[in-house]
Amino acid sequence: MRHTTAIYTPVALVAAVLLAACGSKRNRQAEVIECASISLDVKGATQCLVQLYRWEPGEARRAAEARRRAMDSVKTWTEDSVWNLDAARHHLDLAACRGGSDPLDRCLLIKGWPLKRVTRTADSLWQAEAPEHRRELQTCLGRPNLNLSSCLTLYYKWDSERALQTADSVTRARLGGRNR
């Protein structure tokens, strides 16, 4: 009987060690979630993982960045889903603002659109109308006695920021061409 007990004792010991190891296995994902939830940024989450859980710094940084990207994706998906619930109203807002006298961005902001959506929408519409804007720019460039940004703003209703940026860009291009 001692002989059979001696055989089962090492097997039982190995099984007990394996069960103990599985029971105390670290949940690294939970560590990342915890550190990311108590930190304001990737750097803070990285420091938390390194100091609290003894992660390697490079691995901690990669895990913190991956968590930030995942959370940003969830946030964007949620915002887009909520935004799409009111898609019909947003189309009406856009149509009303495009036909109004106020600049598009100001009008959409007044209607309660978030700045990020206003900027994205204005840029998208601007790109869609790029050939027309190039024609307007060429027309204003043909009027040397008129300030370029003023011409674009007054005659073609460009928003003043875009008109000033375009005028600055044209001026820099002209000055750069002379220096060569």
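Descriptive notes on the structure:
- In this simple spin-label approximation, ALA95 and ARG134 carry label points 7 Å from Cα along the Cα→Cβ vector, and these lie 3.1 nm apart.
- Between TYR156 and VAL74, the modelled labels are 4.6 nm apart [label points 7 Å from Cα along Cα→Cβ].
- When the Cα convex hull of region 98-167 is projected onto planes of every orientation, the mean area is 4.7 nm².
- Each residue of region 27-67 gets 52 Å³ once the volume of the Cα convex hull is shared out per residue.
- By accessible area with a 1.4 Å probe, ligands and nucleic acids excluded, highest first: order of VAL118, VAL74: VAL74, VAL118
- Mean accessible surface per residue for region 61-104, computed with a 1.4 Å probe while every protein chain stays in place, in Å²: 74 Å²
The values are calculated or read from the model by the stated rules, or taken from the named source; none is laboratory data. On a predicted model such as this, the values are computed, not experimentally measured, just so you know. A quick note on method: Cβ atoms are made from the backbone with ideal geometry, for glycine too, and the neighbour counts reach across all protein chains shown. When the accessible area is computed, the model is the full protein with side chains, heavy atoms only, and any ligands, DNA or RNA have been set aside. Shrake-Rupley method; radii C 1.70, N 1.55, O 1.52, S 1.80 Å.
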